[in-house]
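What follows is one structure encoded as structure tokens, with my remarks underneath.
The values are calculated or read from the model by the stated rules, or taken from the named source; none is laboratory data. Computed from a predicted model, the values in this text were never measured in an experiment. Backbone-built Cβ (ideal geometry, glycine too); neighbour counts: all protein chains shown.
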Amino acid sequence: MDVTIKERVHELYWKQDINCARTMLICLCELFDIDIEKQTLNSAIGLHGAGGFRAQCGLVEGALMFIGIYFSDKGKTEADIALICYQYADEFTKRFGSLKCYDLRPDGFSENDPPHACEEITGVAIEFTKEFIKKV
């Protein structure tokens, strides 16, 4: 994993206590030099498995939000962006095995979960997403 991404993920998780969806958004915006509005980041506050419900993974949700932002700026149509999101979900599933937080979280869930258990997969998912976007 890229050292810069690894360090940034660690900082966002442990020093700022930012969730996975917002970490994905922030890192992708930094990697692609895109400004992000505070309101957009606020909209992702509950996107870590639907507020901890263990539904769709926040890494996927953050990436899909970024794909919409990035490709809108590149002039893609809504239909194009929806197709890119579909392709991303398909490739993410092939690479990681699921789109669900419940399936992806290392060691599953328990009442005594350690904080930021997804730190490692977050860095890998950010690199995966960066490469996906570059090849689109």
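Structure data summary
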| item | result |
| --- | --- |
| The lone exception for residue 98 - which of (1) outside any helix (DSSP H, G or I); (2) surrounded by fewer than 12 Cβ atoms within 10 Å (Cβ to Cβ); (3) among the hydroxyl-bearing types (Ser, Thr, Tyr) it fails | (2) |
| Residues (modelled with pLDDT of 95 or more, closer than 17 Å to residue 62 by Cβ and basic (Lys, Arg)) located in segment 80-136 | 95, 130 |
| Residues (touching a helix residue (DSSP H, G or I) at 6+ places or on another chain (Cβ under 7 Å), basic (Lys, Arg) and farther than 15 Å from residue 65 by Cα) located in segment 7-44 | 8 |
| Only one of 35, 73, 80, 90 that is surrounded by 14 or more Cβ atoms within 10 Å (Cβ to Cβ) and among the acidic types (Asp, Glu) | 80 |
| Unmet criterion (only one of (1) more than 28 Å from residue 114 (Cβ to Cβ); (2) β-branched (Val, Ile, Thr); (3) out of contact with any Gly (no Cβ under 7 Å at 6 or more places or on another chain)) for residue 81 | (3) |
| Pairs where the first residue, in segment 7-21, is under 12 Å from residue 122 (Cα atoms) and the second is crowded, with 19+ Cβ neighbours inside 10 Å and among the basic types (Lys, Arg), C-beta under 9 Å, 6+ apart | 12/22 |
